[in-house]
1. Could you list all residues from segment 46-68 that are at negative phi, out of contact with any Lys or Arg (no Cβ under 7 Å at 6 or more places or on another chain) and open to solvent by less than 80 Å² (accessible area, probe 1.4 Å)?
2. Please determine, by comparing only the residues of segment 30-49 that are outside any loop (DSSP other than H, G, I, E, B) and among the aromatic types (Phe, Trp, Tyr), which one is nearest to the chain's Cα centre (by Cα).
3. Regarding segment 98-109, can at least one residue be identified that is in contact with a helix residue (DSSP H, G or I) (Cβ under 8 Å, 6 or more places away or on another chain), in contact (Cβ under 8 Å) with a residue 24 or more places away in the chain and not in a loop (DSSP other than H, G, I, E, B)?
4. (1) part of a strand (DSSP E or B); (2) exposed (fewer than 11 other Cβ atoms within 10 Å of the Cβ): which one isn't true of residue 77, the others all being true?
5. Just one of 112, 38, 121 is farther than 21 Å from residue 1 by Cβ and of a type outside the set (Lys, Arg); which is it?
6. Mind telling me which of the residues 32, 43 ends up being within 21 Å of residue 11 (Cβ to Cβ), surrounded by 16 or more Cβ atoms within 10 Å (Cβ to Cβ) and touching a helix residue (DSSP H, G or I) at 6+ places or on another chain (Cβ under 7 Å)?
7. Between a residue in segment 9-25 that is modelled with pLDDT of 95 or more and open to solvent by 80 Å² or more (accessible area, probe 1.4 Å) and any residue that is among the polar types (S, T, N, Q) and in a helix (DSSP H, G or I), which pairs come within a Cβ distance under 9 Å, given they are 6 or more apart or on different chains?
8. Taking the condition open to solvent by 30 Å² or more (accessible area, probe 1.4 Å), part of a loop (DSSP other than H, G, I, E, B) and touching a residue at least 24 places away in the same chain (Cβ under 8 Å), does residue 71 pass?
Amino acid sequence: IYNVHLDTRLNLSERLQQLSPVLQHARRADSPTLIGGDFNTNPYLWVGRMLPLPFLGHQAEGVAQHMQKAGYKSSLKLGAATHDLFGMQLDWVFVRHIRVRQGEVHRMPISDHHALRVDFDDLPSAMLD
């Protein structure tokens, strides 16, 4: 199980670069794997990591495709809003060798991010130890 919190002010290539060590470490074992957390996949194109140009970056799609190529499946549909601003999908739960029964987003009035709830089919006992 990996929990990530990626930087906000990154463009897609930098975001994938920041995610790379996690994927490299997880690739060492062909075991059930969950990578989740705040990927900060925002719809901005960042100029100098300071100026966000809205709707010019499509990071959610790019991260989802990258994770799929690495053998992971998203527990949420692409476009599931996990943040109120622009309906951004900042948060994800990606799995490999784990069957997802259902993934949902629940609004959280106490946070700027919404809660993710993912139900899995039988988890391998090694993950429960």
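The values are calculated or read from the model by the stated rules, or taken from the named source; none is laboratory data. Keep in mind the model is a prediction, meaning the values are calculated, not measured. Note that each Cβ is placed from the backbone with ideal geometry, even for glycine, and that neighbours are counted across all protein chains shown. SASA here: full protein model, heavy atoms, side chains in, ligands and nucleic acids out. Shrake-Rupley method; radii C 1.70, N 1.55, O 1.52, S 1.80 Å.
1. 47, 52, 53, 54, 57, 60, 62, 64, 66, 67 - these are the residues of segment 46-68 that are at negative phi, out of contact with any Lys or Arg (no Cβ under 7 Å at 6 or more places or on another chain) and open to solvent by less than 80 Å² (accessible area, probe 1.4 Å).
2. 44
3. no
4. (1)
5. 112
6. Only one candidate qualifies: 43.
7. none
8. yes
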